[in-house]
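Structure, as structure tokens:
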Amino acid sequence: MMSFHSTRSAFLAIGALSLLLGGCSPKSPKNLYGSNCGICHHSGDGMPGSVPPLVGRLDRIAGTAEGRKYLADVLMNGVSGPIMANGMPYEAEMPPFRYLKDDEVAQILSWLSARGSTQPAPVMTKEDIAAARAVRKSAGMVAEERENLNKLSPIP
């Protein structure tokens with residue numbers, strides 16, 4: 001039979017281990033998306049007329065190096081102005097998400113990409129995000145980048 005002190009020590013050790021392991025576990029991309037992007041984009045379907053859908057589009061945008069750069073720029077700098085998405089007009093202002101870590105942004109974008117139909121799904125890296133973070137742009141400049149990208153390869 002364990003003494004009170006042995007039992008207490010065992011519980012303290014288990015509690016400390018739980019705190020250590022729990023604090024080290026990364027947030028899932030789905031949870032990161034939900035608490036940051038899902039507020040406006042909901043489950044990825046957006047809101048007609050104001051917030052464009054992401055699922056089924058982001059994977060196609062991320063299919064080129066220019067598309068991945070654009071997506072990283074959007075997350076690091078925001079974007080503003082009217083856009084067309086899946087043939088529908090949207091008028092939205094997206095804020096930057098610079099408070100997220102590079103790997104968190106890459107996880108979110110890769111998770112969204114994997115929800116599309118492109119196989120294999122394009123993957124965003126923390127290096128993609130770090131490169132975008134290093135060069136500040138206005139939301140208007142990101143919108144211009146979108147227009148230029150759309151001329152090269154139409155954005156869905």
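Every number here is computed from the coordinates shown, using simple stated rules; none is lab data. Owing to the predicted nature of the structure, the values given are computational and were not obtained by experimental measurement. Every residue, glycine as well, gets a Cβ built from its backbone with ideal geometry; the counts of neighbours run over all protein chains shown.
Between Lys126 and Ser43, the modelled labels are 3.2 nm apart [label points 7 Å from Cα along Cα→Cβ]. Counting charges near Ser43 (Lys, Arg +1; Asp, Glu -1) among other residues having Cβ under 13 Å from its Cβ returns a value of +1.
Look at Ile129, Ile61, Ile39 and count the other Cβ atoms within 10 Å of each Cβ; fewest to most, that gives Ile39, Ile61, Ile129. The length gained by stretching the chain between Ala65 and Ser117 to full extension, at 0.36 nm per residue less their Cα-Cα distance, is 16.9 nm. All C-alpha to C-alpha distances of segment 54-147, sorted into 5 Å bins beginning at zero, yield P(r) values of 3, 15, 25, 26, 21, 9, 1 percent in whole numbers. Among Leu32, Leu152, Leu112, a tally of other beta-carbon atoms within 10 Å of each Cβ gives an order, fewest to most, of Leu152, Leu32, Leu112.
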